[in-house]
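Take a look at the structure set out below.
The values are calculated or read from the model by the stated rules, or taken from the named source; none is laboratory data. Nothing here was measured: the structure is a model prediction, and the numbers come from that model. Cβ placement follows ideal geometry from the backbone for every residue including glycine, while neighbour counts extend to all protein chains displayed.
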Amino acid sequence: MKDVISLLRPQQWLKNGFVLIGLIFSHGWSEPDLVRQVALGFVAFCLASSAVYVLNDYFDREADARHPTKRHRAIASGAVSLPAARMLMLGLFGGALGLPAIGGHWGVLLAVVSYLILNMAYTLHLKHKVLVDVFCIVAGFMIRLACGTYAVGIIPSRWMLLCSFMLTLFLGFAKRRAEIVSMPDTELALEGGTRIVLRHYSAQLLDNLVAITASATLLAYGLYTVDAETAAMHGTQHLVVTLPIVTFGVFRYLYLLYKGGSGEEPGRDLLADNQIRMAVLAWLVVVVLLVRT
């Protein structure tokens, strides 16, 4: 069971929090029907994302077996058999599609189907295309956001879309930067390696892309907090006081990326670092206090 749980990557379910963003920033938490639909979307995406991880590990099992750390993954190591992995995959796909279908939430179902199609294409082909690989990851986050907004009748603001887009680009390029730095040159040169696309990147290029997207993320969030529409929606002109908290969080993540050897697993890194956890908690508290007052 421990190997099966590790195969599902439950620590990565944090990424599905993007489904909840629309509900939070539209103040829709007071409407039970919206809450139920968004909660259903969140669960469906947790099942879908775990199905994608199993699919990816299934197809990458031979390359993972040659990797110094990935060889310990459940399928690559043989801890979970191939028939068991296929059965688990089918169950997860069925649950991800069945939940919204049974409930008649067709917008959520469309979002989940789009996410699964995108990630199957990513696993089978697109993850080997430079830059396209990261934009596919970003598209997955934007589909989650769409599920939590358009799919349940909430109209997202342009700032929400822009901030989410730049943040996920930043995390995607940071992930690639951490991978290329930690991977030996022999692995990068190996045909059929686990990250063929890394041969087309360089640490210098990724440093530039990380710097650009980090700056754009902070700029977009700062503009969001001082926008007149934002003030009218939330009933406060003081959301800008959260900008230093967000800035600290981004800078802390950059520190972990360049000094702490983190970045390969953003979900794990965000949960593991005490200072980032405190920054997220402080941001939530300040936002709730400002919106309520």
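I'm trying to understand the selection: among the residues of region 274-290, which are closer than 16 Å to Leu243 by Cβ and β-branched (Val, Ile, Thr)?
Val280, Val285, Val286, Val287, listed by residue number.
Okay, residues lined up against (1) buried (at least 19 other Cβ atoms within 10 Å of the Cβ); (2) outside the structural domain of Tyr255 (by TED's automatic domain parsing):
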{"residue": "Ala111", "(1), (2)": "yes, yes"}
{"residue": "Tyr122", "(1), (2)": "yes, yes"}
{"residue": "Lys129", "(1), (2)": "no, yes"}
{"residue": "Ala151", "(1), (2)": "yes, yes"}
{"residue": "Arg176", "(1), (2)": "yes, no"}
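Residues are listed down the side, and each one gets a yes or a no for (1) touching a Pro at 6+ places or on another chain (Cβ under 8 Å); (2) among the aliphatic types (A, V, I, L, M); (3) not in a helix (DSSP H, G or I):
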{"site": "Gly41", "(1), (2), (3)": "yes, no, no"}
{"site": "Ser50", "(1), (2), (3)": "yes, no, no"}
{"site": "Ala79", "(1), (2), (3)": "no, yes, yes"}
{"site": "Ala84", "(1), (2), (3)": "no, yes, no"}
{"site": "Gly91", "(1), (2), (3)": "no, no, no"}
{"site": "Gly94", "(1), (2), (3)": "no, no, no"}
{"site": "Ala101", "(1), (2), (3)": "no, yes, no"}
{"site": "Val112", "(1), (2), (3)": "yes, yes, no"}
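Determine which member of the set Lys2, Lys15 is without any contact (Cβ under 8 Å) to a residue 12 or more places away in the chain, out of contact with any strand residue (DSSP E or B) (no Cβ under 8 Å at 6 or more places or on another chain) and among the basic types (Lys, Arg). Quick ask: steps written out before the conclusion?
Numbers: Lys15 fails: without any contact (Cβ under 8 Å) to a residue 12 or more places away in the chain.
Within the list Lys2, Lys15, the selection yields Lys2.
Could you check how many residues of region 215-269 are at pLDDT 85 or above, touching a helix residue (DSSP H, G or I) at 6+ places or on another chain (Cβ under 9 Å), of a type outside the set (Asp, Glu) and not in a helix (DSSP H, G or I)?
Residues meeting the conditions: 3.
Taking the residues in region 36-53 that are over 13 Å from Leu118 (Cβ atoms) and either among the β-branched types (Val, Ile, Thr) or touching a Gly at 6+ places or on another chain (Cβ under 7 Å) (or both) as candidates, determine which candidate is surrounded by the fewest Cβ atoms within 10 Å (Cβ to Cβ).
Among residues in region 36-53 that are over 13 Å from Leu118 (Cβ atoms) and either among the β-branched types (Val, Ile, Thr) or touching a Gly at 6+ places or on another chain (Cβ under 7 Å) (or both), the one surrounded by the fewest Cβ atoms within 10 Å (Cβ to Cβ) is Val43.
Only residues in region 42-68 that are free of Cβ contacts under 8 Å to residues at least 24 places away in the same chain count as the first member; pair them with residues that are crowded, with 18+ Cβ neighbours inside 10 Å and part of a helix (DSSP H, G or I), Cβ under 6 angstrom, at least 6 apart or cross-chain, and list the lot.
From residues that are free of Cβ contacts under 8 Å to residues at least 24 places away in the same chain, the pairs are Arg61/Ile75; Arg61/Ala76; Ala65/Ala76.
Mind checking which residues of region 110-127 are over 15 Å from Tyr58 (Cα atoms) and among the hydroxyl-bearing types (Ser, Thr, Tyr)?
Residues satisfying the conditions are Ser114, Tyr115.
Just to verify a result, which residue in region 153-167, among those that are touching a residue at least 60 places away in the same chain (Cβ under 8 Å) and within 26 Å of Thr247 (Cβ to Cβ), is surrounded by the most Cβ atoms within 10 Å (Cβ to Cβ)?
Per the criteria, the residue is Cys163.
Residues of region 74-95 being surrounded by 21 or more Cβ atoms within 10 Å (Cβ to Cβ) and within 24 Å of Arg144 (Cβ to Cβ), which ones?
Listed by number, the list holds a single entry, Leu92.
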